[in-house]
1. List pairs: first in segment B:123-142 and more than 19 Å from A:Pro27 (Cα to Cα), second of a type in the set (Lys, Arg), Cβ under 6 Å, 6+ apart or cross-chain?
2. Could you run through segment B:144-187 and say how many residues are facing chain A (nearest Cβ under 7 Å), farther than 24 Å from B:Leu124 by Cβ and within 18 Å of the chain's Cα centre (by Cα)?
3. Within segment B:40-77, which residues are hydrophobic (A, V, I, L, M, F, W, C) and in contact (Cβ under 8 Å) with a residue 40 or more places away in the chain?
4. Condition first: modelled with pLDDT of 50 or more and more than 7 Å from chain A (Cβ to nearest Cβ). Can you find one or more residues in segment B:15-24 that meet it?
Amino acid sequence: VRRDETGAEIGCEDRAWVEEVASALSPASMNADRARAFRLAIDARTARRGRARGARALRTSGAFALAATAGLAFGIWLGRPAPETALPVVVAEAAPAAAPASVRSAWIDADDDEQATLPAESLPGDYLALASFVVGE
Amino acid sequence: MQDGDSKPMTITIASTAVGVAGAAGADFTRFVERRRERAVRLAYRLLGGDEAAAEDVAQNAFVRAHRALASFRGESSLDTWFYRILVREADRHRRWQRVRRLWNGDAEDAPEPRDEKPAGDPALRRRIAAALDRCSGLQRRAFVLVHLEGFTVVETAEILGRAVGTVKSHLHRALATLRRELGDLAEPARRSAS
């Protein structure tokens, strides 16, 4: 036990038990075998950590590549040309009087008295929103 | 205090090591050789006498030091820098140990040493570990570093990243607590001396 010059000196009354504590809390000295095992363990851990870092970098770049591919695919899907007869809608009830002329004429031309199937693109956007309760996909 | 085993080692660091390469591997070998005994002993004392955990903690500290050695800027001494890593590693181990105890719902005693011939009295070691547990983390670290490991208060303050006055104050409180708990240990020593 070393006493310190900066004010942390321990008094005589404490020195004896502190030395007992220091002596009781002293691990056995390493022999050559244990020292070698200790060093090998450090080498193994260092190598494992290096491999783990490599694997982590690989996972990160893999995740980036996957995300980029998914993003590209989504972008292509979003930018796809609208099909010719997109979203056919079925008018389940008689076309409301407030419907635009194109809807009413489609209704009149429809074979079925009860229903008329109209291409969504033929409906004005505001009517489509207005008629969302009576028009189903 | 002297390091026990100072035999030269021929094992070199693995080639996959990160941060320190080539000839620096030999430097790291010497770095480990010079500090190994003290590192294990310090960890052993900080962990209250758990030999296996002390070796684990010391090894982890060396691995962390190995990674960071290339970026060591020399703002403190190499020893201070390394023992700071070691103390943090021991803290981390204690925290996980506490979590594991809570999880398992039991209070583990200090484990028996792995050697067939245990050094010292296991009951006494457990008692000391329990007394150290009654100190706060900073008190325990300050006591171990200054009074058991022989670092100066200034070195200890650098290792713990605290002001010198703070370390002194924690040392004082640690001594008061431990004197109360372990003061009777001096009696047999006094008796045998007389």
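1. B:Gln139/B:Arg173
2. 3
3. Within segment B:40-77, the subset hydrophobic (A, V, I, L, M, F, W, C) is B:40, B:42-43, B:46-47, B:52-54, B:57-58, B:61-63, B:65, B:68-70, B:72.
Answer for segment B:40-77, where residues must be hydrophobic (A, V, I, L, M, F, W, C) and in contact (Cβ under 8 Å) with a residue 40 or more places away in the chain: B:Leu42, B:Ala43, B:Leu46, B:Leu47, B:Ala52, B:Ala53, B:Ala68, B:Leu69, B:Ala70.
4. So in segment B:15-24, the residues modelled with pLDDT of 50 or more come out as B:24.
Now drop any that are not more than 7 Å from chain A (Cβ to nearest Cβ), which leaves B:24.
So far as segment B:15-24 goes, yes, one or more of its residues are modelled with pLDDT of 50 or more and more than 7 Å from chain A (Cβ to nearest Cβ).
Per-residue answers, yes or no, for (1) loosely packed, with under 15 Cβ neighbours inside 10 Å; (2) at the interface with chain B (Cβ under 7 Å from one of its Cβ atoms); (3) more than 22 Å from B:Tyr44 (Cβ to Cβ):
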{"site": "A:Glu20", "(1), (2), (3)": "no, yes, no"}
{"site": "A:Ala24", "(1), (2), (3)": "no, yes, no"}
{"site": "A:Pro27", "(1), (2), (3)": "no, yes, no"}
{"site": "A:Ala32", "(1), (2), (3)": "yes, yes, no"}
{"site": "A:Ile42", "(1), (2), (3)": "no, yes, no"}
{"site": "A:Arg45", "(1), (2), (3)": "no, yes, no"}
{"site": "A:Arg51", "(1), (2), (3)": "yes, yes, yes"}
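The values are calculated or read from the model by the stated rules, or taken from the named source; none is laboratory data. Keep in mind that what you see is a predicted model, and the values were worked out from it rather than measured. Backbone-built Cβ (ideal geometry, glycine too); neighbour counts: all protein chains shown.
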